[in-house]
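Everything on this sheet refers to the single structure shown next.
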Amino acid sequence: MMNYSSKKPPPAIQADNLTVTRGHRTVLRNLDFAVPHGQITGLLGPSGCGKSTLMRAIVGTQAKVTGTLKVLGHPAGAPALRSRIGYVTQAPSVYDDLTVRQNLAYFAAILDPGRTATERRHENVTRAIADVDLTSHADALAGNLSGGQRSRVSLAVALLGTPELLVLDEPTVGLDPVLRRDLWDLFHAIAAQRRATLLISSHVMDEAERCHRLLLMREGEILADDTPEALRTRTHADTVEAAFLHLVDEATATDAHHKEPAR
Amino acid sequence: MTPTTNAHAPAPPATPRPSALNYSRTTATAARVLRQLGHDPRTIALLVLIPCVMLFLLRYVFDGSPRVFDSIGASLLGIFPLITMFLVTSIATLRERTSGTLERLLAMPLGKGDLIAGYALAFGTLAIIQSTLATGLAVWFLDLDVTGSPWLLLVVALLDALLGTALGLFVSAFAASEFQAVQFMPAVIFPQLLLCGLFTPRPDMHPALEALSNVLPMSYAVDGMNEVLLHTDMTANFIRDAAIVATCALLVLTLGAATLRRRTT
Ligand SMILES: Nc1ncnc2c1ncn2[C@@H]1O[C@H](COP(=O)(O)OP(=O)(O)OP(=O)(O)O)[C@@H](O)[C@H]1O
Ligand SMILES: [Mg+2]
């Protein structure tokens, strides 16, 4: 276990020896990492490396998790966390047979129930719709939206309350550059002004440059846990993409080397 | 889009986690389910019209023997809500599971009981509309001859609808696809339909089958309907039958809540 000085806030997420099995496969293997509070941490790695599984473990929807996983000071999945975390699944999870506004109004009523909160809920819903730039489609059925629009509705649900931790599984996939930039500006604003922690998985490497920290994963293990700058310096690469490829190639070569004698 | 201003959200509400049912979340869920159906008027029309059309057909199939229509018609008033609510609920919850909205909801501060009660409330409302129309049509236009009060028919119909909702919620946990969900209908409903006394009075069946029918809830639904058909007052048997159906519905709803897992593989 790492020790933190009293000045530094405790990490938002802390994993020790975290292992997850799905089916007969060990999808995450003995992970140790910490996600700092109030920053944007990017989660990168090849398809199938376990990013979504890790996020599901953090929000407490993944079964067969062993080891310790502490989120905002509680064990992952604790009931007290449910109103403090915003989560966006990789596939948009909204009701296709409700309008954008009806979708958000329902989830808002779950997060902030009661008649007295009606006004606040209405504000929250309108703001979340504006945040993802869907005001002109607020009364369209979610099922009639384009793929990118649907995933923005799904993202808006996570922006509804004032979560201290936002876990976003590929929130900007399939969106145009202008919207992606705006959303990243929003993520930074949320981190800076609300002191919220964001964990965002992505395949887009120029987005990685916009994170404060990066977790690079490969085959259920953490390859690197550093700032984008430090990663580039360490690998003598110009971009995070080059650094990432370098690290993956290096790991693949080491694997091949280690596996050779065993066979 | 102006992220700098938008990041200032209203103050977070203090939401202590409720231990039992949360009234607001339950009604919000029920309203959402009804709103979803509201965007699907054809389903509502089918739900409401099919029982009426079937009763109408039945009335003229048994044109020459109105006593048979009385008995079968009253039984069907109890069976329709059970079957339709079973189908609608099992498909609706399956869709909730496959669309990822269930995963999202269970990661939020929503109690499992709130979700289940919300569904029961929404489909119960729908069942009231369906049963009112069907009962009204049968009693006032098709001359279904009930000795007791038509209101009691409605009560049994509502309990049957709750039982159907409960069974639908329960089996949807074991269905991985819509194909499987639909197949649960012949598996769960048909045996009850055969044994509930609709085709032959239950005492006339083979003793083994009669014993089996004694533990199937639909038998009591049909018995309850027949009590209303034959007696002016609320009989002790009627109360027993209604209580059994209600208890079964609650029991299966509780089992359904137990099959909702927050953590999935
Ligand atoms: N329901 C499941 N049952 C068994 N194995 C699963 C299941 N879901 C995912 N897996 C396996 O777990 C591994 C990690 O999956 P995961 O979805 O976490 O990957 P990912 O990094 O998010 O990939 P992508 O970038 O493509 O979304 C994969 O090898 C996948 O085959
Ligand atoms: Mg994924």
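The values are calculated or read from the model by the stated rules, or taken from the named source; none is laboratory data. Values in this document were obtained by computation on a predicted structure and should not be read as measured data. When we count neighbours, we look across all protein chains shown, and the Cβ atoms used for this are built from the backbone with ideal geometry, even at glycine. Calculation scope for accessible area: heavy atoms of the full protein, side chains included, ligands and nucleic acids excluded. Shrake-Rupley method; radii C 1.70, N 1.55, O 1.52, S 1.80 Å.
Summary table below
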quantity	calculated
Of all residues in region A:205-224 being within 16 Å of ligand 1 (Cβ to nearest atom) and either of a type in the set (D, E) or within 14 Å of chain B (Cβ to nearest Cβ) (or both), the one that is nearest to A:A57 (Cα to Cα)	A:E221
A:V153 open to solvent by 60 Å² or more (accessible area, probe 1.4 Å) and either facing another protein chain (nearest Cβ under 9 Å) or within 29 Å of A:A76 (Cα to Cα) (or both)	no
Subset of region A:162-174 that is away from ligand 1 (no atom under 16 Å from the Cβ) and open to solvent by less than 20 Å² (accessible area, probe 1.4 Å) - its residue that is nearest to A:V88 (Cα to Cα)	A:L166
Matching residues in region A:60-91 - criterion: being within 12 Å of ligand 2 (Cβ to nearest atom) and not in a strand (DSSP E or B)	A:T89, A:Q90, A:A91
Within region A:186-225, tally of residues that are within 26 Å of A:I129 (Cβ to Cβ), in contact with a helix residue (DSSP H, G or I) (Cβ under 9 Å, 6 or more places away or on another chain), in contact (Cβ under 8 Å) with a residue 12 or more places away in the chain and among the small types (G, A, S)	3
Cβ pairs under 7 Å, 6+ apart, first in region B:145-163 and on the phi < 0 side of the Ramachandran plot, second outside any helix (DSSP H, G or I) and among the hydrophobic types (A, V, I, L, M, F, W, C)	B:L152/B:M234; B:L153/B:V146
Subset of region A:36-65 [in contact with a His (Cβ under 6 Å, 6 or more places away or on another chain) and open to solvent by 10 Å² or more (accessible area, probe 1.4 Å)]	A:Q39
B:Y60, sole failed condition from (1) touching a residue at least 12 places away in the same chain (Cβ under 8 Å); (2) open to solvent by 10 Å² or more (accessible area, probe 1.4 Å)	(1)
Residues (out of contact with any helix residue (DSSP H, G or I) (no Cβ under 7 Å at 6 or more places or on another chain) and either assigned to a helix (DSSP H, G or I) or of a type in the set (K, R) (or both)) located in region B:129-176	B:G136, B:W140, B:F141, B:W151
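Yes or no, residue by residue, for (1) more than 9 Å from chain A (Cβ to nearest Cβ); (2) open to solvent by 90 Å² or more (accessible area, probe 1.4 Å); (3) at pLDDT below 90; (4) over 29 Å from the mean Cα position of the chain (by Cα):
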site: B:N6; (1), (2), (3), (4): no, no, yes, yes
site: B:P13; (1), (2), (3), (4): no, no, yes, yes
site: B:P16; (1), (2), (3), (4): yes, yes, yes, yes
site: B:T27; (1), (2), (3), (4): no, no, no, no
site: B:L34; (1), (2), (3), (4): yes, no, no, no
site: B:L37; (1), (2), (3), (4): no, no, no, no
site: B:F56; (1), (2), (3), (4): yes, yes, no, no
